[in-house]
Amino acid sequence: MRERLRRVLEEHLAAALREAGDAGAVPAFALDPPRQAEHGDFACNAALLVAKRLRQPPQAVAERLIAALGDAGGLVAAAEVAGPGFVNLWIADAEWQRGLLGILAAGSAFGRVPRRDGALRTQIEFVSANPTGPLTLGHGRQAVLGDCIARLLEAVGQQVTREYYFNDGGRQMRVLGQSVKARYLEQLGLAAPPPVAALADAEAPWPESIDGLPVVFPRDGYQGDYIAEIATDLRACHGDSLAEQPAEGVFREAAQKRIFAEIEATLTALGIRFDVYTNEKTFYESGELERVLDELRGRDLVYEHEGAVWLRATALGLDRDRVLVKGSGEPTYLLPDIAYHRDKFRRGFERILDIQGADHIEQFPFVRAAIGALGCDPERVELVMHQFVTLTSGGQQVKQSTRRANYVTVDELLTQVGADVFRFFMVQRKAEGHLDFDLDLAKERDWKKNPAFYVQYAHARTWGIERKAAEQGVPMPSAAAIDASGLTLPEELTLIRKLLEFPAVVAQAAAACEPHHIAYYLRDVAGLWNPYVQDGTRHRVLSEDASLSAARLALALGVRTVLANGLELLGLSAPERM
RNA sequence: GCCCCGGUAGCUCAGUUGGAUAGAGCAGCGGAUUUCUAAUCCGCCGGUCGGGGGUUCGAAUCCCUCCCGGGGCGCCA
């Protein structure tokens, strides 16, 4: 409808410009629902934009535009010039009613509009946590954010691959193995646990031994309880027979295996499935690291300094150089990351999206620049950055400390609030801002207060009405033969207008990779629908008037369609009753 | 010191890529209904958009500058 209107306006503008001897193109003008309902269904600023070129005051241009427009073939019910030269347009009721039928006809496809720029093959990498411990709230936010962006891109026609990149070698995992072995030895009475005070404070003295027993727990070890649990499991299976085994072997492997299984279980509980898991080790084993290094060297982007191999990033416009291979001969994370990103291109992805926490963004420009130097188009690699999550409970911020393993995990929160609420809260803020997770509000079970339930309940209500209709023997309207002309109340037309905005909201959210727009939009729809149903004294959906009842049932189906499709985009369930 | 991200109502945050009188939820206040310390409905209050300058018909939005908060600036990932 809006596009039809836009085309008509464009024609008239082009004609006016031609008449004035201006051969230039029609500028891109706004045609949007204004903030204030009194300003019409759509407001257009075109007259303001071309006034100068026509050498006429904007108001006069607007007047002429309206005169030329007429009723645009029954589309427009009224038009006015307002303010400095806006054209406010009112759409005929019948058009809105027709629009509702369009929603019902499209069904689950409503809002899923493939964009003109085609079905890109898109790869989206997120979470990518190494298996050293349970997922934290920051990971949780990234997991939900990445998955929702993937859903949005799919909705506009892109072919999305969800990918998780990890490293089960390297220093982190070495320390993990050492941590588990230390707990194992402690449980067997062969080692002493480090004092609590020393663990809590990085500056505190670290004893070599206590009461004749050695302290083997690493200074920078992983302190979470899950480490001790893994050790306990090993003891249950193998008794004390592992005491002489190296930390690198069975300890590290057992820990990695179990922790990864837990991460996958958490992601499954969140409703997230990855298509591909890529291990950093792949690039070591395939010799790809050497090749990348050689190619960079061939472009004079590599040099040696103090025993290390450096990337000459300053030659690529960055502010400093970075180490690719440490003096120990071990690559830093940067080199495999470059190899990995090139691999993404080689696998044929046309668009590459990295979701990263604010602490990792420093890395991105280097990868991107290096990729560009290797002949890949850096424009195709995009970064979505997100800030951290703080947890508030009882008006107080819950202190989180990674070092002391004193943090709330995704799992813990999921058992308290459930996946739907968790997802909604995580995706409801824009990514670049800090997210304050209000635990009290998340645990609130009153649908009126908890925004996730508020939306879901609005959906469930459409089913409640359908059940009521069935009880009363009122048939649901069949999509082919709906007469929506009875929907004339202002609140009904407002609702339809809102429902029809959905495809534009999806398109915008997808284009910007900003799923929070969907969350806000759904709350708005629910905020119109819930009071409409609640206020049953003024207008009941089901009444004596059979055709009016049918029209309002159609409205309920329209609301259900939009809410269900929107909840799906956010990965929330759309319950039929609550 | 340098880089990135934020600063909008008491709190948590939106603000459609420059549009008209800046919005929502919660909190607060008032009224209505109501058989309980509850619940529901309606209404109200609430703002120098961090400060200052600039760009233009028009700025929360774009540019410059300063202030505040978070994160980063490693041969850790």
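Bear in mind that the values in this text are calculations on the coordinates, not laboratory data. All figures in this text were calculated on a predicted structure; none of them were measured in a lab. Heads up, the Cβs are rebuilt from the backbone with ideal geometry, glycines too, and the neighbour counts pull from every protein chain shown.
Protection proxy ranking, highest mean first, for peptides A:453-463, A:347-357: A:453-463, A:347-357, where packing is the per-residue count of other beta-carbon atoms within 10 Å, averaged.
Residue-wise HN-Hα couplings along the range A:493-507, as the Karplus relation 6.51 cos²θ - 1.76 cosθ + 1.60 with θ = phi - 60° gives them from phi, are 5, 4, 4, 4, 4, 5, 4, 6, 6, 3, x, 5, 5, 4, 4 Hz; Gly and Pro carry x. Ranked by the mean number of other Cβ atoms within 10 Å of their residues, highest first, the peptides A:267-274, A:153-160 come out as A:153-160, A:267-274. Cβ crowding within 10 Å ranks A:305, A:386, A:517 as A:305, A:517, A:386, fewest other Cβ atoms first. Taking 18 Å as the cut-off, the amide N atoms of the range A:518-535 that come nearer than this to a point 7 Å along the Cα-to-beta-carbon line of residue A:468 belong to A:526-535. On full extension, the segment bounded by residue A:171 and residue A:237 gains 21.1 nm, given 0.36 nm per residue less the C-alpha separation.
Residues whose amide H falls under 5 Å from that of residue A:324, counting only those 5 or more places apart or on a different chain, are A:309, A:310, A:311, with hydrogens built in the peptide plane.
You can think of it this way: the chain between residue A:333 and residue A:517 has 62.8 nm of extra reach, that is 0.36 nm per residue less the Cα-Cα gap. Here the simple spin-label model places points 7 Å from the Cα toward Cβ, and for residue A:361 and residue A:18 these points are separated by 4.9 nm. Each part gets one Cα centre, and for the range A:308-372 versus the range A:399-442 those centres are 30 Å apart. Highest mean first, the peptides A:18-24, A:181-187, A:245-251, A:1-7 sorted by other C-beta atoms within 10 Å per residue fall in the order A:181-187, A:245-251, A:1-7, A:18-24.
Once backbone amide H atoms are built at 1.01 Å from N, residue A:76 has A:92 as its partners under 5 Å, excluding neighbours fewer than 5 places away on the same chain. Taken one residue at a time, the phi angles of the range A:86-94 give Karplus couplings (6.51, -1.76, 1.60, θ = phi - 60°) of 6, 10, 9, 10, 10, 8, 5, 3, 4 Hz. Gly and Pro are set to x.
Determine the alpha carbon to alpha carbon distance for each of A:448/A:498; A:181/A:399; A:326/A:399; A:443/A:498; A:181/A:326; A:430/A:498 and list only those over 31 Å. Listed pairs above 31 Å: A:326/A:399.
With neighbours defined as other Cβ atoms within 10 Å of a residue's Cβ, the residues A:392, A:132 order from fewest to most as A:392, A:132.
Its Cα gyration tensor gives the range A:447-569 an equivalent ellipsoid; the semi-axes, largest first and in whole Å, are 26, 16, 13. The distance from the alpha carbon centre of the range A:75-153 to that of the range A:494-547 is 14 Å, rounded to a whole number.
One decimal place: the segment residue A:37-residue A:485 gains 159.1 nm when fully extended, by the rule 0.36 nm per residue minus the C-alpha distance.
Here chain A is assigned +1 on the Cβ of each Lys and Arg and -1 on the Cβ of each Asp and Glu. Its dipole about the Cα centre then comes out at about 1120 debye.
Which net charge results for the neighbourhood of residue A:283, defined as the other residues with beta-carbon distances under 11 angstrom from its beta-carbon, given Lys and Arg at +1 and Asp and Glu at -1?
Details: positive: A:281, A:291, A:342; negative: A:280, A:285, A:288, A:290, A:337, A:343.
With Lys, Arg at +1 and Asp, Glu at -1, the neighbours total -3.
Taking every DSSP helix (H) stretch of at least 4 residues in chain A, weighting each as -39,500 (n - 2.57) and dividing the sum by the residue count yields a mean residue ellipticity at 222 nm of -15500 deg cm²/dmol.
Which aspartates and glutamates have a Cα lying under 15 Å from the Cα of residue A:468, excluding residues fewer than 8 positions away in the same chain? Within the straight-line limit of under 15 Å, residue A:468 reaches these aspartates and glutamates: A:544, A:576. Between residue A:318 and residue A:275, what is the FRET efficiency for a Förster distance of 30 Å, r being their Cβ-Cβ separation, to the nearest 0.05? E(calc), rounded to 0.05, equals 0.40.
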